[in-house]
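Below is one structure, written out as structure tokens; comments come after it.
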Amino acid sequence: MTVPAALVRPRRPPRSAFALIACAAAAALTLLAMWDWKYGIGFSFRSLVTEITRKNAVIEGLLHPNWGQALRPRTRQAFIETLYIAVLGTTGGAVVALPLALWSTRFGAPITWFRVVVRALTNVIRAVPDILWALLFVALVGIKALPGILALFFFSIAVITKLTADTLDGIDMGPLEAADAAGARHHQMLRLAVVPQILPTYVSFVLYAFEVNVRSSVVLGLVGAGGIGERLDFFSANLRWDAVWGIVVLFFAVVFVIERFSTWLRRRLV
Amino acid sequence: MIRFERASVTYSGGVSALRDLELEIQDGEFVVVVGLSGAGKSTLVRAINGLVSLTAGRLMVNDRDVGSLSAAGLRALRAEIGMIFQGFNLVNRTTVLNNVLMGRLHQVPTWRTLVGAYPHDDVEIAMQALERVEIVEKAFVRASNLSGGQRQRVGIARALAQQPRVILADEPVASLDPPTSHVVMRYLQQINRELGITTIVNLHFLDLATAYADRIIGLRAGELVYDGTAADADASVFESIYGRSLTADDTMAKQAAL
């Protein structure tokens, strides 16, 4: 009996070699980075074994954290300053990041030169690490909260724009066509056909940026840009590791609260 | 009035979707365009509101030359033309009312859209549009919570909210089951008769076409092969449009029975 052609099962097409080559390349790169050769960094795991058992002030402090430190007025004041800096920096950054993300897509900015300029701008903002923003603004506007807020403003733009722009690639294009067909102007189309589609994801990126910003405040304090970082710098410089770990508990509490809030908000929005 | 004059559309890649089309549609007509998929139905309706540009010939819609319109002119033309889509094209993550308000955007200032503060009159028009398709009770429900038939009624309400002179419907029932398809077609027919809105519908089911159309236009490989009343369109006419004998797949009633 001959089988009709339509019923013959197709053979599996040959696998692309791309995935295999990519995995091999990643493995090779890792090995190369570990190798002790002319351009190597000469690291070894040996110190992990020999050094870690040594008596160590940092670990001592971790084992006996100074819980009371989290409640001292000066610490509390510095931590509240950190939260204010993070709230203002993140909010400002989030407001600017949304249009920048929209304008860095093909449908968001049909004019090519405009899209290219926006993308170049956000790439430059992203290339600068948060500590450099802080140093820059400390030099420009002096110490305390303002340079911290400005640094986190730019850092938030970098984070939120990048993540939101990636999300915009996967949206449903149908509503965009409907808005165009209804005679909507360009930004009306973006507001009504695009923004609702990405809103829950955007909001969770904003909250993530806030979380990262609270942690970045440590770095900000090191260069004099205000907040809890100055206290951490002070205690670690004086080897008061018990106090350092006491303050870290505050970070844990904030990250936990943001996480719960983010989950709750996403459930409401999706 | 809509008039195609030797209109052609050739897509990049050489596919010819419309060839030398000569066609005139009077105000208030209910026209159904039939043809196989790829015959140019979608291109024909999308040319009318400028979503697709002609590559040759001329297209006049409501006394405007579509090909020579500025961006603002094109928006003004599109404001007069409501469109209904096969895949509904609703924003699922927002309310039914917000979706229908999309039909009012041509009247609403951009800043009002950005902050979501729509004028009372525009909300009223949107609500009336929802009442006409009898789904106003869902106004504040998310579009994602509706069934397919309900979504398409919202799609019709969005087109109606434009207070258009023309409604284009591109395969409006292809994603729906037969009873729901008839509900949607009856709304379109009712809107055409009561409001006098010129209605152009793409369909591929012959029984739906003959049941609702005043006039049927047959396309085959981008060319006009039939233009006449629904009553005159018999099996031989459809065979000429389809280029083959008819099968159960071509009518919704028979396909549903399969």
Check: Within segment A:163-194, can you find the residues that are within 27 Å of the chain's Cα centre (by Cα), under 15 Å from residue A:106 (Cα atoms) and more than 8 Å from every other protein chain (Cβ to nearest Cβ)?
Finding: A:164, A:165, A:166, A:167, A:168, A:169, A:170, A:171, A:190, A:194
Next item on the list: Take segment B:77-90 and flag every residue that is in a helix (DSSP H, G or I) and facing chain A (nearest Cβ under 7 Å).
Entry: B:78, B:79
Next item on the list: Select the helices (runs of 4 or more DSSP H) contained entirely in segment A:31-116, then report the ones holding at least 3 residues which are more than 30 Å from residue A:208 (Cβ to Cβ) and over 20 Å from the mean Cα position of the chain (by Cα).
Entry: A:46-50, A:57-63
Note to self: Whether any residue in segment A:230-253 is among the aliphatic types (A, V, I, L, M) and not in a helix (DSSP H, G or I) is what I want to check.
What the structure shows: yes
Checklist line | Number of the condition not met by residue A:153 [criteria: (1) within 13 Å of the chain's Cα centre (by Cα); (2) loosely packed, with under 14 Cβ neighbours inside 10 Å] | finding: (2)
Next item on the list: Select from segment B:197-206 the residues that are out of contact with any Leu (no Cβ under 8 Å at 6 or more places or on another chain) and either hydroxyl-bearing (Ser, Thr, Tyr) or under 14 Å from residue B:229 (Cα atoms) (or both) and list them in ascending order.
Entry: B:198
Check: Hey, among the residues in segment A:164-213 that are assigned to a loop (DSSP other than H, G, I, E, B) and touching a residue at least 24 places away in the same chain (Cβ under 8 Å), which one's surrounded by the fewest Cβ atoms within 10 Å (Cβ to Cβ)?
Finding: A:169
Margin query: Tally up the residues in segment B:93-121 that are of a type in the set (A, V, I, L, M), at the interface with another protein chain (Cβ under 9 Å from one of its Cβ atoms) and in a loop (DSSP other than H, G, I, E, B), please.
Written below: 2
Note to self: Checking the structure you have, find out if any residue of segment B:151-164 is free of Cβ contacts under 8 Å to residues at least 12 places away in the same chain and within 12 Å of chain A (Cβ to nearest Cβ).
What the structure shows: no
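Suppose the filter is at pLDDT 95 or above and not basic (Lys, Arg); does residue A:182 pass it?
Yes: the conditions hold for residue A:182.
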Next item on the list: For residue B:32, state whether it is more than 9 Å from every other protein chain (Cβ to nearest Cβ) and surrounded by 15 or more Cβ atoms within 10 Å (Cβ to Cβ).
Entry: yes
Next item on the list: Any residue in segment B:190-212 that's outside any helix (DSSP H, G or I): show its pairings with residues that are among the hydroxyl-bearing types (Ser, Thr, Tyr) and modelled with pLDDT of 95 or more at Cβ separation under 8 Å, as long as the two are six or more apart or on different chains.
Entry: none
Check: Mind checking whether some residue in segment A:144-160 is assigned to a loop (DSSP other than H, G, I, E, B) and facing another protein chain (nearest Cβ under 9 Å)?
Finding: no
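The values are calculated or read from the model by the stated rules, or taken from the named source; none is laboratory data. Note that this is a predicted model, so its numbers are computed, not measured. With ideal geometry, Cβ positions are generated from the backbone for all residues, glycine too; neighbour counts draw on all protein chains shown.
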